[in-house]
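Novice: Sending over a structure as structure tokens; questions will come in a sec.
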Amino acid sequence: MKVNGKEYRTVWLEGSTVKLIDQHKLPHAFEVATCRTHRDTAEAIRTMLVRGAGAIGASAGYAMAQAVLEAPEAAFASFLEQAASLIRATRPTAHDLFYAVEGVLQAIRHAKDPAQARQQAVRRAEQLADENANAGEAIGRVGAALLRDGVRVMTHCNAGWLAFVDWGSALAPIYHAHRQGRALSVYVNETRPRSQGAKLTAWELAQEGVAHTVIADTAAGSLFRHGQVDCVIVGADRIAANGDVVNKIGTYTLAVLAKHHGVPFYVAAPRSTFDVTLDDGSKIPIEERSPEEVTWVSGLTAQGRMERVRITPEGSAAKNPAFDMTPAELVASFITEGGVLPPSRDAIRAFVSAKRLPADSIVHHPA
Ligand code: MRU
């Protein structure tokens with residue numbers, strides 16, 4: 001993706017240092033943060049300096065590689081065990097995080113010595129980041145075929161390139177269709193309480209020159225009712241074997257609205273987001289975050305200062321589940337790097353277990 005005309009990835013490795021776009025400062029300032037150790041990178045994931053399933057996954061893979069680079073030879077295995085536990089404990093919901101930690105550990109399992117393990121860990125972490133970017137590109141190509149000229153898409157949270165290494169999941173089809181010259185417009189749900197839609201998706205779409213309108217989350221129903229939404233595309237943090245989807249809080253509400261109004265509800269996600277070890281979505285852990293994210297908001301004052309202000313009475317209780325579960329029956333199709341899939345166990349099993357995803361294996365089931 002290009003920021004002010006320069007190509008960037010959301011997260012990358014320079015030597016043993018992880019660099020990532022600081023998502024706390026956007027959209028008001030563009031800065032790159034530096035994580036020198038695996039602990040710094042884990043902290044960046046925990047505090048959501050980097051967020052979004054795919055970007056969390058790539059960062060976790062890099063953090064694990066950093067740990068392999070840092071591990072003292074005398075206590076190599078125990079250092080890595082502790083590092084893996086620290087990284088796994090940063091965020092509980094996004095499957096990509098666990099996929100990446102296991103991916104790096106798996107890659108060094110048969111290393112003959114620490115030096116070889118270091119090489120293999122870095123190589124695997126880089127591969128995971130590349131696979132993530134390539135999957136986003138393919139999801140974009142596959143999904144763009146579902147978007148006709150003039151389509152009005154609604155999206156929730158941020159599942160664009162800031163949520164991945166590049167391209168994204170839900171926004172990738174929009175970028176492809178836009179670059180192919182199709183006219184389209186996007187309703188961007190604000191996505192309280194952290195406002196990833198208003199802050200990040202709106203900024204990404206503006207960088208790409210895609211027409212978009214930010215709406216309060218509470219406005220979505222009225223737009224459906226007035227026939228102003230042609231399809232919904234969201235990302236996912238984890239998808240169970242039966243097609244149940246866990247995504248940012250508020251996604252379930254949109255899926256119910258879409259079903260009621262006969263609007264296709266698409267979920268865009270790469271293979272690394274599918275967790276077929278879980279039979280259905282009820283087993284997916286839902287992160288519960290600080291109530292302060294609900295009771296306080298932050299933003300730029302007219303004088304150009306970032307400030308945080310309370311919006312509820314002192315003493316009012318607040319609850320803050322970060323994700324919700326959308327049952328498979330509300331999903332029209334999954335948009336994946338292997339094609340457009342129906343939300344069925346068989347299709348998911350075949351996709352996840354395919355050794356390769358050649359173009360001729362792509363299954364098209366447009367809703
Ligand atoms: O809490 P976040 O910002 O890390 O949440 C993740 C998300 O951005 C969304 O749930 C998104 O739709 C899926 S991530 C590609």
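Novice: Within region 266-277, is even one residue of a type in the set (G, A, S), within 30 Å of A350 (Cβ to Cβ) and more than 16 Å from the ligand (Cβ to nearest atom)? Before the answer, list the steps.
Specialist: Pass one, region 266-277, residues of a type in the set (G, A, S): 268-269, 272.
Subsequent filtering for residues that are within 30 Å of A350 (Cβ to Cβ) retains 268-269, 272.
Remaining after also requiring more than 16 Å from the ligand (Cβ to nearest atom): none.
No: zero hits.
Novice: When region 190-214 is examined, which residues are found to be surrounded by 17 or more Cβ atoms within 10 Å (Cβ to Cβ) and not in a helix (DSSP H, G or I)?
Specialist: E190, T191, R192, P193, R194, S195, V210, H212, V214, listed by residue number.
Novice: Are any residues in region 51-88 among the polar types (S, T, N, Q) and within 16 Å of the ligand (Cβ to nearest atom), and if so, which ones? Steps first, please.
Specialist: Kept after step one, since they are among the polar types (S, T, N, Q), are these residues of region 51-88: 59, 66, 78, 82, 85.
Passing the criteria: only S59.
Novice: Can you confirm whether region 230-251 contains a residue that is modelled with pLDDT of 95 or more, over 27 Å from A145 (Cβ atoms), within 16 Å of the ligand (Cβ to nearest atom) and in a strand (DSSP E or B)?
Specialist: No, because not a single residue in region 230-251 is modelled with pLDDT of 95 or more, over 27 Å from A145 (Cβ atoms), within 16 Å of the ligand (Cβ to nearest atom) and in a strand (DSSP E or B).
Novice: Separate question: Restricting attention to region 170-188, which residues are out of contact with any strand residue (DSSP E or B) (no Cβ under 6 Å at 6 or more places or on another chain) and among the polar types (S, T, N, Q)?
Specialist: Answer for region 170-188, where residues must be out of contact with any strand residue (DSSP E or B) (no Cβ under 6 Å at 6 or more places or on another chain) and among the polar types (S, T, N, Q): just Q180.
Novice: Within region 94-136, track down each residue that is more than 14 Å from S59 (Cα to Cα) and within 14 Å of the chain's Cα centre (by Cα).
Specialist: Passing the criteria: A135, G136.
Novice: Give the residue that is surrounded by the fewest Cβ atoms within 10 Å (Cβ to Cβ), with candidates limited to residues of region 141-164 that are within 13 Å of the ligand (Cβ to nearest atom) and part of a helix (DSSP H, G or I). Reasoning before the result, please.
Specialist: As a first pass, look at region 141-164 and keep what is within 13 Å of the ligand (Cβ to nearest atom): 154-164.
If we keep only those that are part of a helix (DSSP H, G or I) too, we end up with 161-163.
Values: W161: 30, L162: 28, A163: 32.
Taking the candidates together, the pick is L162.
Novice: In region 2-50, which residues are in a loop (DSSP other than H, G, I, E, B) and under 25 Å from R179 (Cβ atoms)? Working first, answer last.
Specialist: From region 2-50, those in a loop (DSSP other than H, G, I, E, B) are 4-5, 8-10, 15-16, 22-31, 36-37, 47-50; that's our starting set.
Of everything in region 2-50, those that are in a loop (DSSP other than H, G, I, E, B) and under 25 Å from R179 (Cβ atoms) turn out to be N4, G5, Y8, R9, T10, Q23, L26, P27, F30.
Novice: Does E329 meet the test of being in a helix (DSSP H, G or I), within 16 Å of the ligand (Cβ to nearest atom) and not assigned by TED's automatic domain parsing to the domain that holds R46?
Specialist: On the way: in a helix (DSSP H, G or I): yes; within 16 Å of the ligand (Cβ to nearest atom): no; not assigned by TED's automatic domain parsing to the domain that holds R46: yes.
No; evaluated as a whole, the condition is false for this residue.
Residues checked against (1) of a type in the set (V, I, T); (2) within 21 Å of Q23 (Cα to Cα); (3) away from the ligand (no atom under 13 Å from the Cβ); (4) in contact (Cβ under 8 Å) with a residue 40 or more places away in the chain:
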{"site": "G181", "(1), (2), (3), (4)": "no, no, yes, no"}
{"site": "V188", "(1), (2), (3), (4)": "yes, yes, no, no"}
{"site": "R194", "(1), (2), (3), (4)": "no, yes, no, yes"}
{"site": "L200", "(1), (2), (3), (4)": "no, yes, no, yes"}
{"site": "E204", "(1), (2), (3), (4)": "no, yes, no, yes"}
{"site": "H212", "(1), (2), (3), (4)": "no, yes, yes, no"}
{"site": "I215", "(1), (2), (3), (4)": "yes, yes, yes, no"}
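Novice: Can you find even one residue in region 240-250 that is touching a residue at least 24 places away in the same chain (Cβ under 8 Å), touching a Leu at 6+ places or on another chain (Cβ under 7 Å) and either aliphatic (A, V, I, L, M) or surrounded by fewer than 17 Cβ atoms within 10 Å (Cβ to Cβ) (or both)? It would help to see each step written out before you state the result.
Specialist: Step one: filter region 240-250 for residues touching a residue at least 24 places away in the same chain (Cβ under 8 Å), giving 240-250.
Still in the list and also touching a Leu at 6+ places or on another chain (Cβ under 7 Å): 240-241.
Okay, now just the ones that are also either aliphatic (A, V, I, L, M) or surrounded by fewer than 17 Cβ atoms within 10 Å (Cβ to Cβ) (or both), so 240-241.
Yes - at least one qualifying residue is present in region 240-250.
Novice: Right, G103: within 16 Å of the ligand (Cβ to nearest atom), part of a helix (DSSP H, G or I) and in contact (Cβ under 8 Å) with a residue 24 or more places away in the chain or not? Show your work before the answer.
Specialist: Working: within 16 Å of the ligand (Cβ to nearest atom): no; part of a helix (DSSP H, G or I): yes; in contact (Cβ under 8 Å) with a residue 24 or more places away in the chain: yes.
Against the criterion (within 16 Å of the ligand (Cβ to nearest atom), part of a helix (DSSP H, G or I) and in contact (Cβ under 8 Å) with a residue 24 or more places away in the chain), G103 does not qualify.
The values are calculated or read from the model by the stated rules, or taken from the named source; none is laboratory data. In this text, all values refer to a predicted model and were calculated from it rather than measured experimentally. No Cβ is skipped: glycine too gets one built from the backbone with ideal geometry, and neighbour counts run over all protein chains shown.
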